[in-house]
Amino acid sequence: MATRRRLVLSAAPPALSPGGYVARAYADHVTPATAQADLASSFEGGAWSIALSWRAARAVRALDGDPARFVDAAALLVPTTEGAQAMTMGAPGDPVEGVLWRADAERPLRIAAEGWGTVERQPAPPQWTATARWKDGFWYVTFRLVGWPALDRFRRVAVAVWQGAARERAGLKSVTAQWIRLS
Amino acid sequence: MTTTRTADAGGRQLAMVLDLNKCLGCHTCTIACKKLWNRDAGAAYAYWNNVETQPGQGYPRRWQETGGRTATGAVKRGEIPDLDADYGRAWTFNHEQVRAQVGAGAHKPWLRPDAPPTWGPNWDEDHGAGEHPGTNHYFYLPRLCNHCTHPACLDACPRRAITKRGEDGIVLVDQDRCHGYRFCVEACPYKKVFFDPERGVANKCIFCLPRIEEGVAPACARQCPGRLRFVGYLDDPEGPIWKLVEKWKVALPLHPEYGLGPNVFYVPPVGPVAFDRAGRLVDDAPRIPGALLESLFGSRVHEALRIVRDERARRRRGEASELMDLLIAYDWNASFRLPAGTREVL
C-alpha cells in the first residue's frame, strides 16, 4: 500500500552543530529554505520505493570548479533503536542510518551517525538506487532500497533537504522534526 | 603523532617570524610552496603562501573584511571568497594558438590569457598609497596559515576534521574526515583555508610537516632569498623565535584583535621617512602611517618600531646589538632552530 504525505520542514537548529562557529554565526538561520516536501512510499517485493519532491527554483547539479558553490542534496534517515532521535541524528548508543543523494553523484551514499558531526559515509549497496530529475522548479528524487533491516523493522524515516543555491550544507538544512511512519 | 582539538593541552608551538624590513616581494616563497604542495587541478587558484602589497586589498581580495571574527574577537558569519572576484581564477594561456602562429611564420604572436583576468594573488602589487614624492609608501606582507593557538577553522568544523598537533601546534585538515562543508573557509579571518572543488575537501598550509619532522624548515622559509624568515619553537630561549617575540618583543602577530593567538609573527617595517615640500627628509615623519601598521599588528607596533630603530642606531654607532645580528641573519643556520639530532646538515 502506498503512503503519500505532504511534509512540513523546519530549519535544523544550528545550535546543535558541534564547534563554536556554526551555532553562533548561523544563529539566525531559523527559516527553512525548503518549507515543504512531498513523500510517496511503497513496499513491494521486498523493495522500498520512496519518492521525494520539493521546490528548488534553481537546480545546482555540480560544483563546476567553484569553491563557493554547493550542490542540491536530500537524505532519508532511519532509526536503528526505539530511542534514536531524528533531529539529533541519533546519539551514542542510539545510532541512525540513512541514504544520501547528492545532485553531483552518480550513486547514493549510505550514512550512519550517532549524533551531529558523526556522520560516516560509504557507498550504498549496489541494489540501492536514487534517480533524480529537476523539472519546472521542482526536484523529483526516487530512492529504491532493498535489504535495509532498520527500515524494514522500524518503517520510519526522517527527511532532510539541502538547497545548494542557498549554500545549505551540513547542519544548514530543512528537516522533518519527527519520524514519518511509512505504512 | 598526537592531536588535540584545542591548543590548551600544554603542547609546544612551532612558530615563524618574518622581518618585513627585508622582504623583497620576489615571491620565491610563494612559488616554493605552490610547486611543492598546490599543483592539483582543484588547487590552481589556491596559494597557501602569498605575498601581498600593503596597503592593498590582498589575496583573497578584501580578506581583512570577510573573516569570521569581529575586531573584538567575537564570532561573525564569514564569507567564502568568490573564485573570480576575490581569489582570481588561475590563468591559462593560448599557447597552442601561439605555436601555430609561430609555425605559420607570424612575426608578432600574441600570448594572452584565455579569459580576461579579474583578480589574482598579486593583483595590486606595488600600488600602495600616499602622494609621490613625499608620502608614497607600500611594503610587502607575506602571509600563510598562522597555526593559531585557538584556530577559528578548527572551531568551525562540525566534522572535527581539523586538529592541532600537541607536539608542535601545527594545524592540519584530516581530508578523510572532511566533507567539504567549508565553514573553515568562512570562519578563518586570515582566509588561509582553501577548498578543492575537484576533490571536495579543504586544504591548508601544513607548515611543511614532513620537512619539520626531518628537522628541515618549511620551503617558504628555506627558499627566501632575503633571509627574512625565522623558524623554531616559541618556548625555546636559545632560538630566534623566543628572542624576537618574547625577549626583544619586536615580532608581533597579524591582527591580534581577532583573539586567535596567531603563531606567525612579523617584525614591522620601519620604512623610510617622508620628504617635505622642499624635498628634505623629515626625521620624525615615517612614510608608512602608524595607523596602518597599528591596524595590522596592534598597538604594540609603535614600541616594536622604537626598539628596532634604537638598535639600528646602536649598531650605527658601532656598538653590539644582539637584535641586529639576529635580524641581519649573519648565521643563516641560526634562523632555523629545529630539534637537534634531526637538524639538517647544510
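Here are some residues: B:Cys148, B:Cys157. Which one is more than 15 Å from B:Gly271 (Cα to Cα), within 17 Å of the chain's Cα centre (by Cα) and modelled with pLDDT of 95 or more?
One residue alone meets the criteria, B:Cys148.
So the check is Cβ under 6 Å with 6+ separation or different chains; which pairs have a first residue in the stretch A:21-49 that's within 14 Å of chain B (Cβ to nearest Cβ) and a second one that's small (Gly, Ala, Ser) and assigned to a helix (DSSP H, G or I)?
A:Tyr21/B:Ala156; A:Tyr21/B:Ala187; A:Ala23/A:Ala15
Do you know which of the residues in the stretch A:97-110 that are buried (at least 19 other Cβ atoms within 10 Å of the Cβ), more than 12 Å from chain B (Cβ to nearest Cβ) and free of Cβ contacts under 8 Å to residues at least 40 places away in the same chain is nearest to A:Phe138 (Cα to Cα)?
Looking at the filtered set, the residue picked out is A:Pro108.
Residue check: is A:Leu7 farther than 23 Å from A:Arg155 by Cα and either buried (at least 20 other Cβ atoms within 10 Å of the Cβ) or among the β-branched types (Val, Ile, Thr) (or both)?
On the way: farther than 23 Å from A:Arg155 by Cα: no; either buried (at least 20 other Cβ atoms within 10 Å of the Cβ) or among the β-branched types (Val, Ile, Thr) (or both): yes.
No: the conditions fail for A:Leu7.
Residues are listed down the side, and each one gets a yes or a no for (1) under 15 Å from the mean Cα position of the chain (by Cα); (2) assigned to a loop (DSSP other than H, G, I, E, B); (3) of a type in the set (S, T, N, Q):
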{"position": "A:Pro67", "(1), (2), (3)": "no, yes, no"}
{"position": "A:Ala75", "(1), (2), (3)": "yes, no, no"}
{"position": "A:Thr81", "(1), (2), (3)": "no, yes, yes"}
{"position": "A:Ala84", "(1), (2), (3)": "no, yes, no"}
{"position": "A:Met89", "(1), (2), (3)": "yes, yes, no"}
{"position": "A:Glu97", "(1), (2), (3)": "yes, no, no"}
{"position": "A:Trp134", "(1), (2), (3)": "no, no, no"}
{"position": "A:Tyr140", "(1), (2), (3)": "yes, no, no"}
{"position": "A:Gln178", "(1), (2), (3)": "yes, yes, yes"}
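Can you pull out the residues in the stretch B:69-102 that are on the phi < 0 side of the Ramachandran plot, within 21 Å of the chain's Cα centre (by Cα) and part of a loop (DSSP other than H, G, I, E, B)?
B:Thr70, B:Ala71, B:Gly78, B:Glu79, B:Ile80, B:Pro81, B:Asp82, B:Arg89, B:Ala90
Any idea which of A:Ala113, A:Ala124, A:Ala158, A:Ala130 is open to solvent by less than 50 Å² (accessible area, probe 1.4 Å), touching an Asp or Glu at 6+ places or on another chain (Cβ under 9 Å), over 16 Å from A:Phe70 (Cβ atoms) and of a type outside the set (Phe, Trp, Tyr)?
A:Ala113
Select from the stretch B:187-205 the residues that are open to solvent by less than 10 Å² (accessible area, probe 1.4 Å) and either farther than 20 Å from B:Gly42 by Cβ or at the interface with chain A (Cβ under 9 Å from one of its Cβ atoms) (or both) and list them in ascending order.
Listed by number, the residues that qualify are B:Ala187, B:Pro189, B:Tyr190, B:Phe194, B:Phe195, B:Asp196.
Could you go through the stretch B:128-147 and let me know if any residue there is within 14 Å of chain A (Cβ to nearest Cβ), part of a loop (DSSP other than H, G, I, E, B), farther than 21 Å from B:Glu294 by Cα and out of contact with any Ser or Thr (no Cβ under 6 Å at 6 or more places or on another chain).
The first filter runs over the stretch B:128-147 and keeps only residues within 14 Å of chain A (Cβ to nearest Cβ), leaving none.
Within the stretch B:128-147, not a single residue is within 14 Å of chain A (Cβ to nearest Cβ), part of a loop (DSSP other than H, G, I, E, B), farther than 21 Å from B:Glu294 by Cα and out of contact with any Ser or Thr (no Cβ under 6 Å at 6 or more places or on another chain).
Checking the conditions here, which among A:Arg144, A:Arg133 is out of contact with any His (no Cβ under 6 Å at 6 or more places or on another chain) and more than 15 Å from A:Leu100 (Cα to Cα)? Explain how you work it out, then say what you get.
Numbers: A:Arg144 fails: more than 15 Å from A:Leu100 (Cα to Cα).
Exactly one of A:Arg144, A:Arg133 is out of contact with any His (no Cβ under 6 Å at 6 or more places or on another chain) and more than 15 Å from A:Leu100 (Cα to Cα), namely A:Arg133.
The values are calculated or read from the model by the stated rules, or taken from the named source; none is laboratory data. As the structure is a computational prediction, the values presented were derived from the model and not from experiment. Using ideal geometry, Cβ is built from the backbone for each residue, glycine included, and neighbour counts are taken over all protein chains shown. Just the protein is used for accessible areas: all its heavy atoms, side chains included, with ligands, DNA and RNA removed. Shrake-Rupley method; radii C 1.70, N 1.55, O 1.52, S 1.80 Å.
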